[in-house]
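*Asks:* Quick one: the structure is below, and I'll ask about it shortly.
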């Protein structure tokens, strides 16, 4: 691996020196030979390349474990990486300087639509595990948690695989996983581990369910084979990874003298907690924690880190902030975050919450990590219920039993999101566009009741609804003043 530590050089008269002539990344000069493919990844996003690929790069046995990675909706990342031998630069933004590192753990990259290549990897006994980062929406779940069989793309995959188990005409993540498992069974390639790495509670159970649901529709005999041969690992993942900018790519060109179209920017911190079996082995993954129960780790992270991120994405963007580091230095926003953290902490059964909160403030305050609030704000319909719902529902139940008011910190995130849907702050982008469009145009009180229902509060009292509506008005008044 290539891990030089650098800060930007200065020209003799001060300022930055002109960048040297850039060259393309090449394994012979900048990386190491491609390792044999023993892992597949679905979703070559920035996070995967800052996290699972980075952990693999730092493994003592990295030379034995290569990734074949597949894109999501578009092939652009794979096309760019192919021109630089599947290498890329991870630019770690330390508070006092930049640390670029060339990552060599991707041995092959493919467009997501290349299902023939995917089936080929699954059919190989050398393949040991499949990781994925496709967001919760990518797993095509219905409201009850199972596979949404009414989804047109899911229905098309089911029909295609029923007709021809070796078809390449599948487009969804569950469909592609089942296509791969069908190929593996046919080849007699043995057991395999599925390792979802999305920010979703109980992500192992989630993936296991949608895969079994689709398999049952395609070929019920596959279910017994899955039971005997497929291990599903549950994970909690953490590393802040903003989108790279032209400035970031210029920094890499200056520090390493290479032209890298696929620079990934990240923070120094990383965490990976896993629970489950790996029947065909795994890389060493130094620093990863292997535990019996991930739930407490994932709950702490989802509520404290991801929850405060979403709160800032909706609320702080209304105040005019564009990045997390800018928002957290605003006393008003910091107060909102602390109030939410107080609520979350009161409902968490895990040690070290105060230390975790202090560490988050330090991470959020790194001005060299430009984590855009607009990026975080996307897909709120998927994020808001799981990041805020359990704690808010617990507070609402406690209030109903005791007559106590629900803390304002518990309801403010809901209000911020509804104000966001009304066109305030960051732009609205959501996988459930029709749903959020309906919420935005609905009577505000009805919209609040709907969202609270998603959070498990089926019959919210009038006082709770009024509290959220008051906070919505406060957010929208902030926008009008600014």
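The values are calculated or read from the model by the stated rules, or taken from the named source; none is laboratory data. Since we're looking at a predicted model, the values are computed, not measured. Cβ placement follows ideal geometry from the backbone for every residue including glycine, while neighbour counts extend to all protein chains displayed.
*Asks:* In the range 125-142, how many are touching a strand residue (DSSP E or B) at 6+ places or on another chain (Cβ under 8 Å), part of a loop (DSSP other than H, G, I, E, B) and surrounded by 18 or more Cβ atoms within 10 Å (Cβ to Cβ)?
*Replies:* 5
*Asks:* Would you tally the residues in the range 253-286 being over 28 Å from residue 297 (Cβ atoms), outside any helix (DSSP H, G or I) and more than 21 Å from the chain's Cα centre (by Cα)?
*Replies:* 5
*Asks:* Considering only strands (runs of 3 or more DSSP E) fully contained in the range 45-112, which possess at least 2 residues that are under 20 Å from residue 24 (Cβ atoms)?
*Replies:* 88-94, 97-103, 106-110
*Asks:* May I pose another question? Does residue 330 satisfy the condition of being more than 24 Å from the chain's Cα centre (by Cα) and either buried (at least 22 other Cβ atoms within 10 Å of the Cβ) or without any contact (Cβ under 8 Å) to a residue 40 or more places away in the chain (or both)?
*Replies:* Taking the combined requirement at face value, the residue satisfies it.
*Asks:* Restricting to the range 117-147, count the residues that are farther than 26 Å from residue 47 by Cα and at pLDDT 95 or above.
*Replies:* The total comes to 3.
Yes or no, residue by residue, for (1) within 18 Å of residue 121 (Cα to Cα); (2) touching a helix residue (DSSP H, G or I) at 6+ places or on another chain (Cβ under 6 Å); (3) part of a loop (DSSP other than H, G, I, E, B); (4) in contact (Cβ under 8 Å) with a residue 12 or more places away in the chain:
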{"residue": "168", "(1), (2), (3), (4)": "yes, yes, yes, yes"}
{"residue": "174", "(1), (2), (3), (4)": "yes, yes, no, yes"}
{"residue": "177", "(1), (2), (3), (4)": "yes, yes, no, yes"}
{"residue": "204", "(1), (2), (3), (4)": "no, no, no, yes"}
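*Asks:* Another question, then. I need a count of the residues in the range 394-439 that are in contact (Cβ under 8 Å) with a residue 24 or more places away in the chain, on the phi < 0 side of the Ramachandran plot and touching a helix residue (DSSP H, G or I) at 6+ places or on another chain (Cβ under 8 Å).
*Replies:* Summing the residues that are in contact (Cβ under 8 Å) with a residue 24 or more places away in the chain, on the phi < 0 side of the Ramachandran plot and touching a helix residue (DSSP H, G or I) at 6+ places or on another chain (Cβ under 8 Å) in the range 394-439 gives 31.
*Asks:* I'd like the full set of residues that are part of a helix (DSSP H, G or I) and surrounded by fewer than 19 Cβ atoms within 10 Å (Cβ to Cβ), limited to the range 227-252.
*Replies:* 227, 228, 229, 246, 247, 250
*Asks:* Going by the structure shown, is residue 99 over 30 Å from residue 165 (Cα atoms), in contact with a strand residue (DSSP E or B) (Cβ under 8 Å, 6 or more places away or on another chain) and surrounded by 22 or more Cβ atoms within 10 Å (Cβ to Cβ)?
*Replies:* no
*Asks:* Something else now. Test of understanding: among 392, 373, which residue is in contact with a strand residue (DSSP E or B) (Cβ under 8 Å, 6 or more places away or on another chain), under 26 Å from residue 430 (Cβ atoms), modelled with pLDDT of 95 or more and in the same structural domain as residue 464 (by TED's automatic domain parsing)?
*Replies:* Answer to the selection: 373.
*Asks:* Looking at residue 387 and the list (1) under 21 Å from the mean Cα position of the chain (by Cα); (2) within 20 Å of residue 304 (Cβ to Cβ); (3) outside any helix (DSSP H, G or I), which single condition is not satisfied?
*Replies:* (3)
*Asks:* Turning to a different aspect of this structure: Test residue 405 against the stated conditions and say whether it is part of a loop (DSSP other than H, G, I, E, B), out of contact with any strand residue (DSSP E or B) (no Cβ under 8 Å at 6 or more places or on another chain), assigned by TED's automatic domain parsing to the domain that holds residue 474 and surrounded by fewer than 23 Cβ atoms within 10 Å (Cβ to Cβ).
*Replies:* Criteria met by residue 405.
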